[in-house]
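Below is one structure, written out as structure tokens; comments come after it.
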Amino acid sequence: MDEEVKPIDISFFDPFDENACTLCGECFYNCPVMDLSIEESIEEMKGLIEGTPTKTVLDECQSCFTCNFYCPENARPASLILQRWNEQYKEEGLKKRGKYFITHYPQYPNFRSYVMEHLPESTKELVEKWASLEPLKGDTLTYPGCNVTTFAELTQASFFKDLDIRGRLEYCCGETLFRTGFKDELFQVTKRLDNWFQKIKPKNLLVLCTAGTNVFKNVLPHYGLTYKFQSIKSYIQYLWEKLEAGEIKIKEKLNLKVTIQESCYAKMFGDEYMDLPRKILNAIGVEVIESNACREDMRCCGIAGGFSITSSYNPFKIMSSSFRNFKDFRKTSADAICVYCAGCLATLLTSQKLYFGKKMKIYHIIELLQKAMGEEPSLTEEAKKERAKHFFWGIMKKQFPKVFSRKRFKIADIPEEPPEYHKKAW
């Protein structure tokens, strides 16, 4: 895409506009995942519109929404895919293995709760504090999201010390439910979040992931979110503002070359936002070497290889999606991979355990910023290894035995109030 990528507006996630679609094929032809020809892309779109099975899209799509950016008529083809997935789910259900990746039920084992069980006690105590419903210290709720909750040590960097962080796994924003087409369940999540916000009454929202920033700004208003914030800001914007203002002081620039695993939602906020992690890295002396799949042409870290109803979080699909990225990362000759999404950190660290190619260091951008400040990263290398181990073995013990099961299930209703918070819920 040659022209400037501008921030989307909320209509980006409106339903598919069949009248606008000219069957030009540009949407899937430019998909960074599926590698379709123009002719194949046109045939796939015809099948989607007609509601007939497709050869590729419904199985291989990772709902990254790149097709929406390439559609010259703004017909929103990604919304049609989500619609077809929703219909497919209602008719067939989800394969049993997918249950392990549904995280809104702490009383049932899932891939995050397994990790939470194995957190160090000090980290468990930190996360327990976030569940408080006491009045906020100020006007801003800092929302960790479910991924940062499993890497909670990241929040102990000095530049976050004044933030009032609140959240728990059960207050997940529902991003994966949205990207897998589970509409009814997302409405239920929104009611839960609305109730929570009404209790603690924040004026502003600071979100510790790009995905959550987009979901609160652009997605949940489609699904009944009534609570109004004066501002919603990503932590990447927060960090850059602190750097520009001189409130984050760099002691020693890093001599490092990295390639970036893009957040799936960064492109929703345009070029200016996608520049921010690169500006932060440049400011601390890190050279960025772009991979083939970056910025608006990025590929998901791999977890979205499990998003289709056919995949139902098949671990082989997730790993193969990650492996494809690792091959691209190696071609850059960078020293390391940098992520700015804790979900990407979890997926890449876990998948790399089975990757047979050259291993590369994987850093969260917060770690690198701390290093440049002369601060020991609060998320240690040992902690990352342990976390990856528990993600991996949780999948092997809890999900893998069901990989080949033909049984299916439907997601249980998500109550407006989650169970009372206690450690045993993990």
Reported set for region 26-39 where residues are without any contact (Cβ under 8 Å) to a residue 40 or more places away in the chain and surrounded by fewer than 19 Cβ atoms within 10 Å (Cβ to Cβ) is M34, D35, S37, I38, E39
Can you spot a residue in region 343-363 that is among the charged types (D, E, K, R) and without any contact (Cβ under 8 Å) to a residue 24 or more places away in the chain?
yes
Among the residues of region 312-324, is there at least one that is within 19 Å of G98 (Cα to Cα), small (G, A, S) and touching a residue at least 40 places away in the same chain (Cβ under 8 Å)?
yes
Of those in region 107-121 that are in contact with a helix residue (DSSP H, G or I) (Cβ under 9 Å, 6 or more places away or on another chain) and part of a helix (DSSP H, G or I), the residue surrounded by the fewest Cβ atoms within 10 Å (Cβ to Cβ) is E117
Could you grab me the full set of residues in region 161-176 that are touching a residue at least 12 places away in the same chain (Cβ under 8 Å) and over 21 Å from the mean Cα position of the chain (by Cα)?
L163, D164
Kindly establish whether S132 is surrounded by fewer than 23 Cβ atoms within 10 Å (Cβ to Cβ), assigned to a helix (DSSP H, G or I), outside the structural domain of F269 (by TED's automatic domain parsing) and of a type in the set (S, T, Y).
no
Would you confirm, using the coordinates I've provided, whether T310 is out of contact with any strand residue (DSSP E or B) (no Cβ under 7 Å at 6 or more places or on another chain) and in a loop (DSSP other than H, G, I, E, B)?
yes
Checking K385 against (1) more than 22 Å from the chain's Cα centre (by Cα); (2) surrounded by fewer than 15 Cβ atoms within 10 Å (Cβ to Cβ), which test does it fail?
(1)
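Look at I42 and say whether it is among the aliphatic types (A, V, I, L, M) and either farther than 26 Å from S234 by Cβ or crowded, with 18+ Cβ neighbours inside 10 Å (or both).
yes
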Please verify whether region 380-396 includes one or more residues that are at pLDDT below 95 and among the charged types (D, E, K, R).
no
For region 280-290, which residues satisfy the criterion of being in contact (Cβ under 8 Å) with a residue 24 or more places away in the chain, surrounded by fewer than 15 Cβ atoms within 10 Å (Cβ to Cβ) and in a helix (DSSP H, G or I)?
none
Scan region 237-255 and give yes if some residue there is buried (at least 21 other Cβ atoms within 10 Å of the Cβ) and part of a helix (DSSP H, G or I), otherwise no.
yes
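The values are calculated or read from the model by the stated rules, or taken from the named source; none is laboratory data. Keep in mind the model is a prediction, meaning the values are calculated, not measured. Glycine also receives a Cβ, built like all others from the backbone with ideal geometry; neighbour counts cover every protein chain displayed.
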